[in-house]
Amino acid sequence: MGKEYVFISNIDNLGATVDIAILNFLLNPQRGKQAPEFLMEVTDKTRADIKGGTLVEYEGKLTLLEIAQVAKEHVDEFKSVTKFKIFNTNNLWISLSAIKRVVEENTLSMEIIVNPKHLDDGTNVIQLETAVGAAIKDFEGSIGVNVPRKRFLPVKTSSDLLLMMSNLYTLKSGNLEMSPLRMFASVPLVKLGKDFNKVKSFLNRFASIPDIMDLDHLTVSGDVTFGKNVVLKGTVIIIANHGDRIDIPPGAILENKIVSGNLRILDH
């Protein structure tokens with residue numbers, strides 16, 4: 001009773017908090033207009049988001065298009081940041097009364113997405129799934145709202161975790177906010193190798209999280225560790241070949257550098 005909308009988001013999205021401005025927009029529509037039954041938060045696509053679903057108009061309806069639904073010959077076009085400039089954050093606001101209606105009338109038409117997966121043990125499997133955002137076409141007045149990037153802060157990989165733990169973000173009133181000292185609105189592109197995949201391994205390889213305020217791109221591969229108070233700027237690529245190890249010393253400042261080979265700092 002008294003509840004009109006439900007807010008749904010991915011559990012790993014640290015930016016998905018209840019936005020009072022969006023809620024007010026839904027509960028107080030302009031005079032003569034009906035409130036949307038389904039609102040999807042979208043945000044500007046970057047190089048890190050090329051696989052994210054996007055909104056298209058199909059047969060007069062706003063529709064969610066996922067990469068798994070795209071023919072192979074059109075995948076590059078789908079990934080383009082100029083052709084499709086926004087993607088779905090999966091922050092969704094849906095009218096409860098509308099959900100009740102479509103369920104009772106059996107008008108939800110959710111496509112089954114065939115998603116090939118490769119398990120850690122080498123097994124290839126097919127995962128059948130439906131995307132909750134795909135329901136957008138079955139509701140009246142559905143819209144997408146372009147929101148700031150801070151509404152989409154997923155932690156799916158150790159690379160994401162590095163960003164969230166860094167000095168790029170601070171916690172303010174329960175919300176993660178990017179530091180005003182960051183010169184660019186976009187976040188750095190971070191690619192950590194398989195040696196950083198597990199959280200325990202990730203934490204053991206950093207004496208402290210590096211300063212990445214002025215970082216654009218970081219790629220790390222192989223057996224690499226970071227000392228305390230390391231600063232990374234511009235584009236930094238660190239590659240330790242098989243059998244080699246690279247220890248970035250405490251206090252090191254790497255700006256637009258490529259580090260490879262073998263580098264170890266031993267106690268004495």
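Placing unit charges on the Cβ atoms only, positive for Lys and Arg and negative for Asp and Glu, gives the chain a dipole magnitude near 540 debye about its Cα centre. For K79, a cut-off of 16 angstrom between C-alpha atoms picks up these aspartates and glutamates, skipping any fewer than 8 places away in its own chain: D44, D49, E66.
Taking GluC sites (Glu not before Pro) across region 58-87, the ones in a DSSP loop with at most 10 further Cβ atoms lying within 10 angstrom of their Cβ are E59. What the chain shows is 60 Å² of accessible area per residue, with the surface traced by a 1.4 Å probe over protein heavy atoms.
Geometric descriptor of region 9-61, per residue, is 135 Å³ (volume of the convex hull of the Cα atoms). Pull up the cross-link candidates among the aspartates and glutamates for K233, meaning alpha carbon to alpha carbon under 13 Å and not fewer than 8 places away within one chain. Straight-line reach from K233, under 13 Å: D211, D214, D216, E255. Among residues other than L108 with Cβ under 14 Å from its Cβ, the summed charge is -2 (Lys and Arg +1, Asp and Glu -1).
Of [x] 18.6; [y] 21.2; [z] 19.4, which one was derived for Kirkwood radius over Cα pairs in Å from the structure shown? Label of the calculated value: [y].
Both the radius of gyration and Dmax for region 113-261 are 18.9, 59 Å, in that order, over alpha-carbon atoms.
Springs between Cα atoms under 10 Å define the GNM used for the chain, and in it the highest mean-square fluctuation of D216, D121, D195 occurs at D121. For the residues K200, K72, K117, a GNM of the chain with alpha-carbon springs under 10 Å puts the largest fluctuation on K117. Based on C-alpha pairs under 8 angstrom that are at least 6 apart in sequence, region 180-268 has a relative contact order of 23 percent. Pairs exceeding a 31 Å alpha-carbon distance, out of K72/K257; K51/K194; K45/K137; K150/K200; K172/K257; K117/K137: K72/K257; K172/K257. Here the accessible area of the chain is 54 percent carbon and sulfur, with a 1.4 angstrom probe and all protein chains present.
Phi-derived couplings, Karplus 6.51 cos²θ - 1.76 cosθ + 1.60 at θ = phi - 60°, listed residue by residue for region 43-57: 8, 5, 7, 10, 4, 7, 10, 5, 9, x, x, 10, 9, 9, 9 Hz, with x used for Gly and Pro. Bridges between two residues of the chain, per DSSP, are antiparallel at a rate of about 50%.
Of K198, K79, K61, which is the most mobile in a GNM of the chain whose springs link Cα atoms less than 10 angstrom apart? In this elastic network of the chain, the residue with the biggest mean-square fluctuation among K198, K79, K61 is K198.
Rg of the Cα atoms in region 183-252, relative to 2.2 N^0.38 Å, amounts to 1.07.
The values are calculated or read from the model by the stated rules, or taken from the named source; none is laboratory data. Here the structure is a predicted model, which means the values were calculated and not measured. Heads up, the Cβs are rebuilt from the backbone with ideal geometry, glycines too, and the neighbour counts pull from every protein chain shown. When the accessible area is computed, the model is the full protein with side chains, heavy atoms only, and any ligands, DNA or RNA have been set aside. Shrake-Rupley method; radii C 1.70, N 1.55, O 1.52, S 1.80 Å.
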